[in-house]
Structure formats: C-alpha cells, structure tokens
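Remarks on the structure that follows.
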Amino acid sequence: MSDGTLTITDRAAALRDPGFCRFHTDSTAVVHWSADHGWSTYSLEPYAPMTMDPGTLVLHYGQSVFEGLKAFRQPDGSAALFRPVDHARRLARSARRLAMAEMPTSVFLDACAHLVSADDSWIPGEPGQGLYLRPLMIATEPELGLRDSRHYRCTFLAYPADPCFGRAFTPISVLTSAGTVRAVRGGVGEAKCSGNYAASLLTRKQANARGYDEVLWLDGVEFRWAEELSGMNVFFVWRDDDERHGVRLTTPPCQGTIMRGVTRDCVIALAGDLGIPVAEEPTPIDAIMSGARSGRLVEMFACGTAAVVVAVGRIADGDDDATIGDGQEGAVTARMRHTLMEIQHGTRPDTHGWLRSVRKDLASVHSSTDRQ
Ligand code: COI
C-alpha cells in the first residue's frame, strides 16, 4: 500500500501495474449521517488516516458495510461507472440488515461521480482494468452500549485496479469449506458486511495452505449445497445434450446466504442475450464432483466486481480432487468474460443501460437510461 504521496512518475508506474488495489488515489469522498441531521452531502477530502475513539461502536459490535464498484475508461476518453445504482441499492440493503442508516441512491451517486471526476487521471485503461471504488460505511459513535449508532461515516476510497486474480485470467482452484460455516438463512450472509469476510478468512487461509486459491462455501445446515466463494458468486456450465446449445448454466439461488452479486446478475442477463439457458438452482457438491469426473460439468467460473469472470479449473472436496474440463478457461467462460468486459469498456453496445458516464469537469452523473 502506498503512503498517498506518489509523484506523477510513481502514478504512471502504478497505473502500468496496479495489481488489485495496491495503490490508493489522492482523494476520498466522505458522507456523514447523524440521527439529528440525517445525511450530509459528500465532501472531497485528501486520502488520510482516520483517528477514532477506542470506544467507537464499529470496533466493538461491527456495524460496518461496504461496496465494491468500478469506473472504466471509455473509447472517447471519458469515464463511466458500471451499475452504480445497483451498488447504491445493495449498500442500503446491507445497512438496513445491520440497523444502520440507509444512504439515498442520489447521495451515493453524487459521491462516486465526484470522486471519479477528481481521480480521473488515476483510471487505468487496459482491458480488464478499472478504478475500483470502495464505499465503506461504519458506526462512528463513541459509546459502548449495545445498540445501533446515532452517527455513521461513509468513506469512498478509490484504487486503480487489475482484476483481483490478475489480467491473465489464469484459472483458479477451489476447496470446499468442510464444516466451517460462512452464513445461514436468516443471518447476515446476504449483507455486504465486514463480518462476513472475517468469518471466511480462517478457512480461506487453510485452503491457501493446501494450495487452493479459494474456498467454495457449502450451505451451513447440510454442508452439501454449493453457495459461493469468499468474495465471488459461482456458475456451473453443464453439458446438456437435450438443449439446442448443448450447455446450460446454473448458479446457486439467492436465499439469504449468498451475495446478490451485480456481476452475477450481469452473467444471468448476458446468458439470456447469448441464448444460453440459465437457472438459479441448488447444486449439491456430489453432483459437482461426479460431473467434473464424468465430463458432464464442462466448466465452472467465479464472478464478482473485483474478479470479473474467472474460470475454476480444479475443485476439491476433502481429499477428492477433480479437474474441470481440461483445467483451462472454457468457451462459455471466455465468452461471458469478453462480452462483459467489452460492455464495461464501451466497445460493445450497452443494451442494458449498465454504464453511467461521469463528466470530468462537473462530475455530475448522467445516464441515457435513468432507472431510479
Ligand atoms: C468485490 O468483488 O468488489 C468484492 O468486494 C470482493 C472482495 C473480496 C474484493
């Protein structure tokens, strides 16, 4: 992580090889909420450490929710945010689940647009790269009583970013969660709250120690049904001899335990556009393992804002280890990834109205298909 004092030359170097959020930009946008005054408008502030009373509520009871969204350089040199309204709505839903204040979409959009505009020179331009925005909202009231806070602060951070598994999109490997639980129905699994990520870290670390990149979380009741990876949704591509296209896609349904991924939603929509049948249906791990061995499971991929779309080439459940397809990125995964990236970078028509352009000078957000 940089110290925020990069020179122009350093910034150029950071933009050439940003990695995933290794370098923050110069600016942040900050929004406050208080029970007395409601929402403030955004203020642009230099990136700087925050000081905090050790008794602040977030540090004790974990009222902390966040988002991850991206802005992309467009062919005409402008910048566009990708599906910011959907991210704003999800932040509000996450906040509601943790008894936090729900930020209005207009406040969220304003903060994002002004930050992207201020940080325009930080937006990298290579395919797959973008400016990753991380709005982080925390309870800031310094009082130890167990209750929801009367003050919140949302800091919008920005980072030039490659996809989190790299721009080569090398297939990743996953190991099932085997007994540890990330989320159960009725819990906070669907909220993008910091605690969900904390709950995943030990199992992820153990998977990494065994040589796997990620955890495939199974449901927390039967330890049988595939749910998602630690920070990504998951799709399975099945050979289907009855179907005209020869394949069908499935993904675990949203039943309160997985993230309602914006990229997940894109993949479902793009599958529809491409005429690939797609179903949100529960999938047991034994069908995944036997499908990988028999060749009926031809591809598997993970998707998310940070990851984009990345193939899963190898899967293990306990000691049972299987290669999926030939272990490389398959045709369906590649098609999804390229289609999504072309829309994000403005080289394919944005028929769903997912991009919202950001004016460099004024930083107000405009959209041809305003869906608010
Ligand atoms: C994202 O994809 O934006 C996320 O928040 C996932 C995180 C683990 C990087």
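Name the residue, out of LEU131, LEU109, that is in a strand (DSSP E or B), touching a Pro at 6+ places or on another chain (Cβ under 7 Å) and either touching a residue at least 12 places away in the same chain (Cβ under 8 Å) or within 14 Å of the ligand (Cβ to nearest atom) (or both). Spell out how you get there, then give the answer.
Values: LEU109 fails: in a strand (DSSP E or B).
From the options LEU131, LEU109, the qualifying one is LEU131.
Would you check if PRO124 is away from the ligand (no atom under 16 Å from the Cβ) and either in contact with a Gly (Cβ under 9 Å, 6 or more places away or on another chain) or over 30 Å from GLY187 (Cβ atoms) (or both)?
For PRO124, the condition - away from the ligand (no atom under 16 Å from the Cβ) and either in contact with a Gly (Cβ under 9 Å, 6 or more places away or on another chain) or over 30 Å from GLY187 (Cβ atoms) (or both) - is met.
What is the residue count in region 1-55 for residues that are closer than 30 Å to ARG147 by Cβ, part of a loop (DSSP other than H, G, I, E, B), touching a residue at least 24 places away in the same chain (Cβ under 8 Å) and within 27 Å of the chain's Cα centre (by Cα)?
Final tally of qualifying residues: 4.
Select, from THR263, THR257, the only residue that is in a loop (DSSP other than H, G, I, E, B) and either hydroxyl-bearing (Ser, Thr, Tyr) or within 24 Å of the chain's Cα centre (by Cα) (or both).
None of the other options fit; the residue is THR257.
For (1) among the charged types (D, E, K, R); (2) within 14 Å of the ligand (Cβ to nearest atom); (3) at pLDDT below 95, each residue gets a yes or a no:
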site	(1), (2), (3)
ASN196	no, yes, no
SER200	no, yes, no
GLN206	no, no, no
VAL215	no, yes, no
GLU227	yes, no, no
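Identify all residues within region 152-174 that are part of a strand (DSSP E or B) and not hydrophobic (A, V, I, L, M, F, W, C); write none if there are none. Walk me through how you get there before you give the answer.
Initial filter on region 152-174 (part of a strand (DSSP E or B)): 152-161, 172-174.
Result: TYR152, ARG153, THR155, TYR159, PRO160, SER173.
Given the criteria of a type in the set (Val, Ile, Thr), surrounded by fewer than 22 Cβ atoms within 10 Å (Cβ to Cβ) and either over 17 Å from the mean Cα position of the chain (by Cα) or farther than 27 Å from LEU229 by Cβ (or both), does THR176 qualify?
no
Out of all the residues in region 271-307, which are in a loop (DSSP other than H, G, I, E, B) and of a type outside the set (Gly, Ala, Ser)?
Of everything in region 271-307, those that are in a loop (DSSP other than H, G, I, E, B) and of a type outside the set (Gly, Ala, Ser) turn out to be ILE276, PRO277, GLU281, PRO282, THR283, ARG296, THR305.
Can you list residue pairs whose Cβ atoms sit under 8 Å apart, with the first residue in region 299-315 being within 9 Å of the ligand (Cβ to nearest atom) and the second being in a strand (DSSP E or B) and of a type in the set (Gly, Ala, Ser)? Count only pairs 6 or more apart in sequence or on different chains.
If the second residue must be in a strand (DSSP E or B) and of a type in the set (Gly, Ala, Ser), the pairs left are ALA306/ALA161.
So which strands (runs of 3 or more DSSP E) stay within region 187-242 end to end and still have 3 or more residues that are of a type outside the set (Gly, Ala, Ser) and either under 16 Å from the mean Cα position of the chain (by Cα) or crowded, with 21+ Cβ neighbours inside 10 Å (or both)?
214-218, 233-239
Does at least one position in region 86-95 carry a residue that is closer than 29 Å to GLY189 by Cα, in contact with a Leu (Cβ under 7 Å, 6 or more places away or on another chain) and at pLDDT 95 or above?
We begin by selecting, within region 86-95, every residue closer than 29 Å to GLY189 by Cα; these are 86-95.
Right, trim to in contact with a Leu (Cβ under 7 Å, 6 or more places away or on another chain) and you get 87-88.
In the following step, the residues that additionally are at pLDDT 95 or above were identified as 87-88.
Yes: region 86-95 contains one or more residues that are closer than 29 Å to GLY189 by Cα, in contact with a Leu (Cβ under 7 Å, 6 or more places away or on another chain) and at pLDDT 95 or above.
Here are the criteria: (1) within 16 Å of the ligand (Cβ to nearest atom); (2) farther than 17 Å from LEU91 by Cα; (3) crowded, with 16+ Cβ neighbours inside 10 Å. Tell me which single one LEU44 does not satisfy.
(1)
Which residue out of ALA101, ALA95, ALA29, ALA71 is under 30 Å from PRO349 (Cα atoms) and buried (at least 20 other Cβ atoms within 10 Å of the Cβ)?
When all the criteria are applied, what remains is ALA71.
The values are calculated or read from the model by the stated rules, or taken from the named source; none is laboratory data. Computed from a prediction, not measured in an experiment: that's the story for all the values here. Neighbour counts are summed over all protein chains in view; Cβ atoms, including those assigned to glycine, are modelled from backbone coordinates with ideal geometry.
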